[in-house]
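The values are calculated or read from the model by the stated rules, or taken from the named source; none is laboratory data. A quick note: this is a predicted structure, and the numbers were derived from the prediction, not measured. Quick reminder, even Gly has a Cβ in these numbers, built from the backbone with ideal geometry, and neighbours come from all protein chains shown. Only protein heavy atoms, including side chains, enter the accessible area calculation; ligands, DNA and RNA are left aside. Shrake-Rupley method; radii C 1.70, N 1.55, O 1.52, S 1.80 Å.
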Amino acid sequence: MKFPYLKQAGSAVFVDRYITKAHQLLHPWQGDVIKGFGLIGAPLSKSSISHSGASFAPQTIRKALSAFSTYAVEGDIDLKQVVVHDLGDIETFVTDIVASQRRIEETMLEILHQNPALIPITLGGDHSVSAPVIKAFAQVKGKVGVIQFDAHHDLRNLEDGGPTNGTPFRSLLEAGAIQGEHLIQIGIRNFSNSKEYLHYAMENHVTVYTMKDVRERNICSIIKEALNKLKQEVDAIYVSVDMDVLDQAYAPGCPAIGPGGMDSQTLFDAVFYLGKESMVQGFDIVEIDPTIDIRDMTSRVAAHVILNFLKGKQM
Ligand code: CA
C-alpha cells in the first residue's frame, strides 16, 4: 500500500507549485569553482563588547529566507533562477578571539583565491568578523573601498581591549588593508559614539554620513555619491551591513539597539542600488542576536537585505 501524503520527517510542508521560496536559492557547495554568489557563516560573537549571541545568526538568517518568496512585485523580477552556493560556516576557536579571526581570514583568503569570480555574502557573527573578511578580500582584490552601514564608527582603539566588535575598521586602517579615504560610513547616529572617534575618522579622511544626512537626503543620492568617489580610486567595493544601523523598531535583535536609526526600506533601497554596481563584489551582514530577537524579526530583515542585493545584481 502506498502513502502519497506520508513524507520524510520534517519535509511534509505545504508546497505550492507556483511559489519558489527564497531558501531554495541556497545550494550546498560541492567544491566546484563558483562564479557568482557564495554564502558563508562566520559565527563569532565572543568578541562583542556587550553580551551577544550573534554566533547563532547564520542559521536563523538562512531559515528566515524560507519565510519569503523569490518574486519581487516591484520591478517584476523573479530570483528563482539565481544560485547562491552555501559554503557552510567557518568553525571558530572555542575561547581564542584572535585565533578565530585568523581562521576566518585564512578561510576567506583560500576561498577567494580558488574562486576569483565569487561574490561572498558573509553572515556574522558580530562586527569583528568584518576585519578578517575584508583583510582577505583586499589581499585578493587589490585596493578596496568599503561602504559601512552602522550606528557606530567602529573605530575604537585596540589598546583598551580589542580586537572587538567596536574595532574592525580601526584594525583595517591600522593594518593598511584599506585607506581612510576609501571608507564610507552611513547612518552614524547620536549618543552612540564619542567625539574622539569622529576626530579619528576625520583625521584619517573617512567619509561620514550621519542619520541627519540620511533623513534629509535621498539614500540613493548618498549611495551614488559614495560610489562615484570610490569607483575613481579602488579596484573593488565591499559593503558591510551592521543591522544596528536600523532603528530599534526594525531590528530588536541587535545587541546595541537604539532609537533614531534608519528604517528598513531605506536600507533595502541602498543595498539594491549597491547591488546594481558591478564593482560591489562582497557583502556582509552582522550584529543579529537571535536569542534576544522577537519572532526572528531582525533575521527576516536580513533575509530581505540579501534578496535586495541579489535583485540589484540581476539588473
Ligand atoms: Ca558596527
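Within the stretch 148-171, the set of residues being out of contact with any Gly (no Cβ under 8 Å at 6 or more places or on another chain), open to solvent by 10 Å² or more (accessible area, probe 1.4 Å) and farther than 13 Å from Asp244 by Cα comprises Asn157, Leu158, Glu159, Asp160, Gly161, Gly162, Pro163, Thr164. On the basis of being within 16 Å of the ligand (Cβ to nearest atom), farther than 18 Å from Ile188 by Cβ and within 16 Å of the chain's Cα centre (by Cα), does Gly275 make the cut? When the stated conditions are applied, Gly275 does not pass them. Residues in the stretch 108-150 that are away from the ligand (no atom under 16 Å from the Cβ) and among the small types (Gly, Ala, Ser): Ala117, Ala136, Ala138, Gly142, Gly145. Of all residue pairs spaced 6 or more apart or on separate chains, those with beta-carbon atoms under 6 Å, a first member in the stretch 152-163 that is over 14 Å from Ser128 (Cβ atoms) and a second member that is assigned to a loop (DSSP other than H, G, I, E, B) and within 13 Å of the ligand (Cβ to nearest atom) are His153/Asn193.
Of all residues being of a type in the set (Gly, Ala, Ser) and buried (at least 16 other Cβ atoms within 10 Å of the Cβ) in the stretch 204-259, which is farthest from the ligand (Cβ to nearest atom)? Just the residue, please.
Residues of the stretch 204-259 of a type in the set (Gly, Ala, Ser): 221, 226, 236, 240, 249, 251, 253, 256, 258.
Cutting the leftovers down to buried (at least 16 other Cβ atoms within 10 Å of the Cβ) gives us 226, 236, 240, 251, 253, 256, 258.
Details: Ala226: 17, Ala236: 21, Ser240: 8, Ala251: 12, Gly253: 14, Ala256: 8, Gly258: 12 Å.
This residue is Ala236.
For the stretch 151-197, filtered to residues that are away from the ligand (no atom under 15 Å from the Cβ) and outside any loop (DSSP other than H, G, I, E, B), the residue that is nearest to the chain's Cα centre (by Cα) is His182.
The residues of the stretch 64-100 that are touching a Ser or Thr at 6+ places or on another chain (Cβ under 7 Å), more than 16 Å from Glu287 (Cβ to Cβ) and at pLDDT 95 or above, listed by number, are Ser69, Thr70, Asp78, Leu79, Lys80, Ile90, Ser100.
Given Pro4, Pro43, which one is touching a residue at least 40 places away in the same chain (Cβ under 8 Å) and not hydrophobic (A, V, I, L, M, F, W, C)?
Residue meeting the stated conditions: Pro43.
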